[in-house]
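Participant: Provided herewith is a single structure, encoded as structure tokens, for subsequent inquiry.
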Amino acid sequence: MSDHLDQLYLTYLDTIDTYQSLRTSLAAHFSTGFLTLAQANYNSTSGGRRYGADFYDERMTAIRGVEVGDGVFECKLFEPERKEEEPRKETKDTNREASESDALEKPEERTPTIDPRDPIRWFGILVPPALRQAQSEFTLSVQTIIPQLTTTIAKLATLSSEIESHRSHADTKYLYKILTTAPPSPLPEAVQLLPLDISSSFIHLCTATQTVGVIEVFMPDSEELWLLKVPYSKVEKDIKWENVTHGGKREEFPHLFTEKLGSSEVEEVREVTRSEGKGWRESLEGMEWLE
């Protein structure tokens, strides 16, 4: 088994541990939240007041939302709507006051403000401590733990897909890069990439069994080609197997997400020519170099 696949398994196990810890933490906060909410309701029965979703009114509006980016879920607090300030009335001493304020400018001391949208304000200033604790437990769950848990689930799905892909290609020994022009000899650290590689932002490679199909689809009229033989173990960590439709069928192809491909990765370069009167499939048939 490759080192990269081993590392994927370790990352997957670490992520599962994170997932289980977050589930445990979420259950604990929810449990405490519902318990303290029940306590607040029990203590307020004499006053006839109840707390809970059944007693929300039209003042209830969302003050938090979820932002998703690159598989990361993050809770964001919506900014409250600000009313336009009324224009100040000009006075005769405007210029004088402005100069004095410039001379004696001091930083304004602002007292912390309470979000008027906070639903706990509906019940006055002296709300039960149990209700405040319930709100704190639920807020922590919604604002922090649930986004982290959702992000972890998404990461597990990605890792699972990547592990399955690498397992299905564990027997691959070599990948090949097909060039239509002869590369420099000796091979430089970075060969000149094809326009397709540059526009795709990754390097198109193929396996030995895919080589003929790629040539027949994209380079059928070429008389000679150059194949770069790349050991899979050298580029595995930067390879992403992706489904591509060509020749009327879908197939997984190796895409190399690095900025270069050259002497450090390529084991051998070989020129291949199309036999006279034959297609590329017949010309490459039985070629043991492709493995």
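The values are calculated or read from the model by the stated rules, or taken from the named source; none is laboratory data. Quantities reported herein were computed from a predicted structural model and do not represent experimental measurements. In this analysis, Cβ positions are derived from the backbone assuming ideal geometry, glycine residues included, and neighbour counts consider all displayed protein chains.
Participant: Could you list all residues from region 152-170 that are over 30 Å from THR207 (Cα atoms) and crowded, with 18+ Cβ neighbours inside 10 Å?
Facilitator: Selection gives THR152 alone.
Participant: While we're here: Specify the residue that is nearest to SER263 (Cα to Cα); the eligible residues are those in region 182-195 that are at pLDDT below 90 and surrounded by 11 or more Cβ atoms within 10 Å (Cβ to Cβ). Break it down into steps so the answer makes sense when it comes.
Facilitator: Residues of region 182-195 that are at pLDDT below 90, as a first pass: 185, 192-195.
From what's left, surrounded by 11 or more Cβ atoms within 10 Å (Cβ to Cβ): 192-194.
On the way: GLN192: 12, LEU193: 14, LEU194: 17 Å.
This residue is GLN192.
Participant: Still on this structure: Among the candidates LYS249, LYS240, which residue alone is surrounded by fewer than 16 Cβ atoms within 10 Å (Cβ to Cβ) and under 28 Å from the mean Cα position of the chain (by Cα)?
Facilitator: Numbers: LYS249 fails: under 28 Å from the mean Cα position of the chain (by Cα).
One residue alone meets the criteria, LYS240.
Participant: With respect to the numbered conditions (1) more than 25 Å from TYR12 (Cα to Cα); (2) at pLDDT 75 or above, which one is the sole condition not fulfilled by ASP171?
Facilitator: (1)
Participant: Another question about this same structure. For region 254-278, what are the residues that are of a type in the set (S, T, N, Q), part of a loop (DSSP other than H, G, I, E, B) and either without any contact (Cβ under 8 Å) to a residue 40 or more places away in the chain or over 22 Å from ILE198 (Cα atoms) (or both)?
Facilitator: Going through region 254-278, the residues of a type in the set (S, T, N, Q) turn out to be 258, 263-264, 273, 275.
Pick out the ones that are also part of a loop (DSSP other than H, G, I, E, B) and you get 258, 263-264, 275.
Residue satisfying the conditions is SER275 alone.
Participant: Out of (1) modelled with pLDDT under 70; (2) of a type in the set (S, T, N, Q); (3) touching a Pro at 6+ places or on another chain (Cβ under 8 Å), what's the single condition that is false for THR94?
Facilitator: THR94 satisfies every listed condition except (3).
Participant: Output the residues belonging to region 61-82 that are part of a loop (DSSP other than H, G, I, E, B) and modelled with pLDDT of 75 or more.
Facilitator: From region 61-82, those part of a loop (DSSP other than H, G, I, E, B) are 61-63, 70-71, 78-82; that's our starting set.
Passing the criteria: THR61, ALA62, ILE63, ASP70, GLY71, PHE78, GLU79.
Participant: Regarding region 261-269, can at least one residue be identified that is hydroxyl-bearing (Ser, Thr, Tyr) and either closer than 16 Å to ILE203 by Cβ or touching a helix residue (DSSP H, G or I) at 6+ places or on another chain (Cβ under 8 Å) (or both)? So that I can check it myself, show each step before the final result.
Facilitator: Just the residues of region 261-269 that are hydroxyl-bearing (Ser, Thr, Tyr), to begin with: 263-264.
Okay, now just the ones that are also either closer than 16 Å to ILE203 by Cβ or touching a helix residue (DSSP H, G or I) at 6+ places or on another chain (Cβ under 8 Å) (or both), so 263-264.
Yes: region 261-269 contains one or more residues that are hydroxyl-bearing (Ser, Thr, Tyr) and either closer than 16 Å to ILE203 by Cβ or touching a helix residue (DSSP H, G or I) at 6+ places or on another chain (Cβ under 8 Å) (or both).
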